[in-house]
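Some notes on the structure that comes next.
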Amino acid sequence: MPPSLDELVKQGEGAKDAVNLGDGIFMSKNIANSYLVTTPEGDVLINTGTDFEADEIKARFVRVSKGPLRVITFTQGHPDHVGGWDLFNEPGVETVAQANHSDVREYWRRLHPFYARRIMTLWGAFMDVDAAAMELPPEPVLTTTFIDSHAFELGGRRIELYSTPGGETTDALAVWMPEHRTAFIGNLMGPYFGHMPNLYTLRGDKIRSAMQFIHSVERVIALEPKTLINGHDVFRGADEIGQTMSKVRDATAYLRDRTIDGMNSGADLWTLMRDITLPAELALPQVHGKVPWIVRAIWEEHVGWFRYESTTEFYEVPPSSVWPDIVELAGGTAALIERAHAHAEHGRALHALHLTDIVLARTPGEPAALQVKRAALQQLLAASRQENFSEVQWLEQEIKSASPKENQ
């Protein structure tokens, strides 16, 4: 079992040394790791961490290299990759990013309060997001941008950058060192290597293209790396790396094919989310992404939000607007709670939650409804086998919110 996501993002906390990866490459473990590639003529920094980690990252790298910093680049435009830029930037330092970087940073800055609230709701139990969540560090000022690829030499080392827009952002890139056959791929495949990718994250972001993801993975496979470094760890061995990446690619392609087949056959989204599974030979751990989430992301990537299920999808009045009518026609909340309890008793947790949502919208603190909701959520948590960390974190937060206040 891999480390939990909270363990993964906390592994670099405190005063620690950079990790020597060999070949003049050093790693600082952060929420998303930073890497320093050293050369006789200066260094290349890959990712600058968050703004509140930057001082410690810089201190770690100063202890392993006295050379000047020459180039900064980012494997993607998320705050945990670019937030510390201002501390490292100085005259003579070139900042290189893929051409979509400014657009990615624009919507992340514009939506910062929205994302901060969501991250706090989902991960606030183990991450102190709130303290620095609303502070925005200076934006990176780019010296060089590229569309598909960019290369430079420094101190006898050749560094190649390749666009991988199927990663977590459209400005994602892979850093390739051909001399050592070393690839830095950031979070192209998520925080866990060889696991089910996530084309949509629960904290919210743009849905990622399945086909772009497949092409981006193939681009890295074609390099035949002997060492692969993602956002959190290092993997070695060309055969194992190639086989692992090929399996993830093939699993994603299989899910895309089956989803499109189902759409063409006339199946609805909910049926496809329930029925599509991976064959045994393509099965992957679902610690980060989940098969039904990928199915839904593929559906919505290709056809958007209108599902041809109801005229009401066109308009601004949500289904919840008639919940008071349902309560009234049921003669009050008691009948709905009783039916929700029956669903939960028979293992129909989601049916129970549909009904408790109606009741709790009317009477938010209704103890009987909260009891049923809690039981239904606990069924879902047990059924999850505690595998997917985002799902588990959400369910645990929901169980906590449905529990009596004295137990929280």
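The values are calculated or read from the model by the stated rules, or taken from the named source; none is laboratory data. No experiment lies behind these values; they were computed from the predicted model shown. Here the Cβ positions follow ideal geometry from the backbone for every residue, glycine too, while neighbour counts run over all protein chains shown. Surface areas here come from the heavy atoms of the whole protein model, side chains and all, with no ligands, DNA or RNA. Shrake-Rupley method; radii C 1.70, N 1.55, O 1.52, S 1.80 Å.
Here are some notes:
To keep it simple, each residue is scored yes or no on (1) open to solvent by less than 70 Å² (accessible area, probe 1.4 Å); (2) at pLDDT 95 or above.
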{"site": "Ser320", "(1), (2)": "yes, yes"}
{"site": "Asp325", "(1), (2)": "no, yes"}
{"site": "His341", "(1), (2)": "no, yes"}
{"site": "His346", "(1), (2)": "no, yes"}
{"site": "Ala352", "(1), (2)": "yes, yes"}
{"site": "Thr356", "(1), (2)": "yes, yes"}
{"site": "Pro364", "(1), (2)": "no, no"}
{"site": "Ala369", "(1), (2)": "yes, yes"}
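- Among the conditions (1) buried (at least 21 other Cβ atoms within 10 Å of the Cβ); (2) outside any helix (DSSP H, G or I); (3) of a type outside the set (Val, Ile, Thr), the only one that Arg60 does not satisfy is (2).
- Selection status of Arg105, at pLDDT 95 or above, in a helix (DSSP H, G or I) and surrounded by 15 or more Cβ atoms within 10 Å (Cβ to Cβ): yes
- Test: Thr95 is open to solvent by less than 50 Å² (accessible area, probe 1.4 Å), under 24 Å from Asp205 (Cβ atoms), of a type outside the set (A, V, I, L, M) and part of a loop (DSSP other than H, G, I, E, B): no
- Of everything in region 233-277 that is charged (D, E, K, R) and assigned to a loop (DSSP other than H, G, I, E, B), the residue that is least open to solvent (accessible area, probe 1.4 Å) is Asp268.
- Matching residues, region 384-400, being in a helix (DSSP H, G or I) and surrounded by fewer than 17 Cβ atoms within 10 Å (Cβ to Cβ): Glu396, Gln397, Lys400
- Residues that are assigned to a loop (DSSP other than H, G, I, E, B) and of a type outside the set (Ser, Thr, Tyr) were ranked within region 204-224; the one that is modelled with the lowest pLDDT is Gly204.
- Any hit, region 139-153, residues being within 19 Å of Ala32 (Cα to Cα) and of a type outside the set (Asp, Glu): yes
- Out of Thr312, Thr271, one residue alone is in contact with a Pro (Cβ under 9 Å, 6 or more places away or on another chain), polar (S, T, N, Q), without any contact (Cβ under 8 Å) to a residue 12 or more places away in the chain and within 30 Å of Thr356 (Cβ to Cβ). It is Thr312.
- For region 63-92, a residue qualifies if it is open to solvent by 40 Å² or more (accessible area, probe 1.4 Å) and closer than 18 Å to His232 by Cβ, and exactly one does: Pro79.
- Of the strands (runs of 3 or more DSSP E) lying entirely inside region 116-203, those carrying at least 2 residues that are modelled with pLDDT of 95 or more and exposed (fewer than 15 other Cβ atoms within 10 Å of the Cβ) are 149-154.
- Residue check, Leu381 touching a residue at least 12 places away in the same chain (Cβ under 8 Å), loosely packed, with under 15 Cβ neighbours inside 10 Å and assigned to a helix (DSSP H, G or I): no
- When the residues of region 1-43 are filtered to those that are part of a loop (DSSP other than H, G, I, E, B) and surrounded by 21 or more Cβ atoms within 10 Å (Cβ to Cβ), the one that is modelled with the lowest pLDDT is Gly12.
- Among the residues making up region 330-378, those that are part of a helix (DSSP H, G or I) and of a type in the set (D, E, K, R) are Glu338, Arg339, Glu345, Asp357, Arg362, Lys373, Arg374.
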